[in-house]
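Right, one structure below, let's go through it.
The values are calculated or read from the model by the stated rules, or taken from the named source; none is laboratory data. Because the structure is predicted, anything quoted here is derived from the model rather than measured. In this analysis, Cβ positions are derived from the backbone assuming ideal geometry, glycine residues included, and neighbour counts consider all displayed protein chains. Heads up: the accessible areas ignore ligands, DNA and RNA and are worked out on the full protein's heavy atoms, side chains in. Shrake-Rupley method; radii C 1.70, N 1.55, O 1.52, S 1.80 Å.
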Amino acid sequence: MSGLFITFEGTEGAGKSTHIRLLSERLRKLGRTVRELREPGGTPLGEEIRHLLKHHPAGRGMTPEAELLLMNASRAQLVREVIRPALDAGEVVLCDRFFDSTVAYQGHGRGLDLKLVEPIIAAAVGEMIPHLTLFLHVPLAVSESRRLSRQNEQGAPADRFEESERTFFERVERGFKTIAAAEPKRVRIVDASGKIEAIADAIWVHVEPLLKNRDERN
C-alpha cells in the first residue's frame, strides 16, 4: 500500500467532520488525492447498516452484541470495497471513526468483554491498521451541549447513540483515553475545545511528517 490511512476519533460533537473537511482541503491544495469516509457507512451496504444502527425505529431494542456485529459488518465491507483499493492507488484516506470507536463504544460504553470485541474487529479489518489516529478531545460538558444542540435542530433525525445517558459517554471517554495511553505512537490526542484554526494547525503537526515519510519511501 502506497497511500496514507488517517482516522479521526472522539466522542459526539468533537468536530471530526469539520476537521476531516479542512484537512482534506489542505491536502488537495498540495496535489493529494483524498478519500473522505465515515463509519458506519462509506459503501451502499454500510449506509443501510448505518441507518439501522442510528436512526431506524427497529434499532431501538438492539442488543450490544447485535450492535457490535453490525458495526463490523459495515467495516468489513468498507475495508475491502473502498479503503484497501484507495490505499493501493496511493490515496490519502480520511475516515470519521474506525475500530477504536468500537472498542470505546461497544466495549467500554456498552460493557462488552474486550475478549469478545477484539477478535470480531480483527476479522473485519484484517491487516488494515491506521497509520495515524487523531483523538479529538473535548470536555464532556462541551460534547453534551453540542449533542443537545443537534438534537434540537429542526428536521434532525433521531440518533439513538446521541440520546444515550451521560454515564454512557463517560465510559466512552474513558475508553478512548485508555486506547490513546496504550498506543501513543499511533493515537495522538488533539485538544479540540479551542478555535477551529488552532485545532486544524495542531492536526497538521501530526499529519505533515507522515506525508514526508511516505513521499521519501515512494
25 Å Cα-Cα reach of Lys177 towards lysines, excluding residues that sit fewer than 8 places from it in its own chain: Lys16, Lys54, Lys115, Lys185, Lys195
Heavy atoms only, 1.4 Å probe, whole protein assembly: order Thr102, Thr63, Thr18 by accessible area, highest first. Thr63, Thr18, Thr102
Only helices counted: for the chain, with every DSSP H run of 4 or more residues adding -39500 (n - 2.57) and the sum spread over all residues, [θ] at 222 nm is -16000 deg cm²/dmol
Rg over Rh, two decimals, the range 9-82 (C-alpha only, Kirkwood Rh): 1.06
Nearest-0.05 FRET efficiency for His56 and Leu116 at R0 = 22 Å, using Cβ-Cβ distance, is 0.35
Determine the share of the chain's accessible area contributed by carbon and sulfur atoms, expressed in whole percent, with a 1.4 angstrom probe. 53 percent
Using the Kirkwood radius over Cα pairs, work out the Stokes-Einstein diffusion coefficient for the range 35-152 at 10 °C and 1.306 mPa s, in µm²/s as a whole number. 104 µm²/s
At 7 Å along Cα-to-Cβ for each site, give me the label-to-label distance between Val142 and Arg32 in nm. 2.3 nm
Arg166 versus Ser149, label points 7 Å from Cα toward the beta carbon: distance in nm? 1.9 nm
Among Val103, Val205, Val34, the residue with the largest mean-square fluctuation in a Gaussian network model of the chain built from Cα contacts under 10 Å is Val205
Can you give me the long-range amide H partners of Val93? Hydrogens built in the peptide plane at 1.01 Å from N, cutoff under 5 Å, separation of 5 or more residues or another chain. Leu4, Phe5, Ile6, Arg35
Per 5 Å bin, what percent of the C-alpha pairs of the range 30-70 does each bin hold, from zero upward? 6, 21, 25, 20, 9, 6, 6, 4, 3, 0
Computed from the coordinates I sent, volume of the Cα convex hull per residue in Å³ equals one of [x] 107; [y] 171; [z] 124. Tell me the label. [z]
For Thr178, Thr11, give the ranking by accessible area with the largest first, probe 1.4 Å. Thr178, Thr11
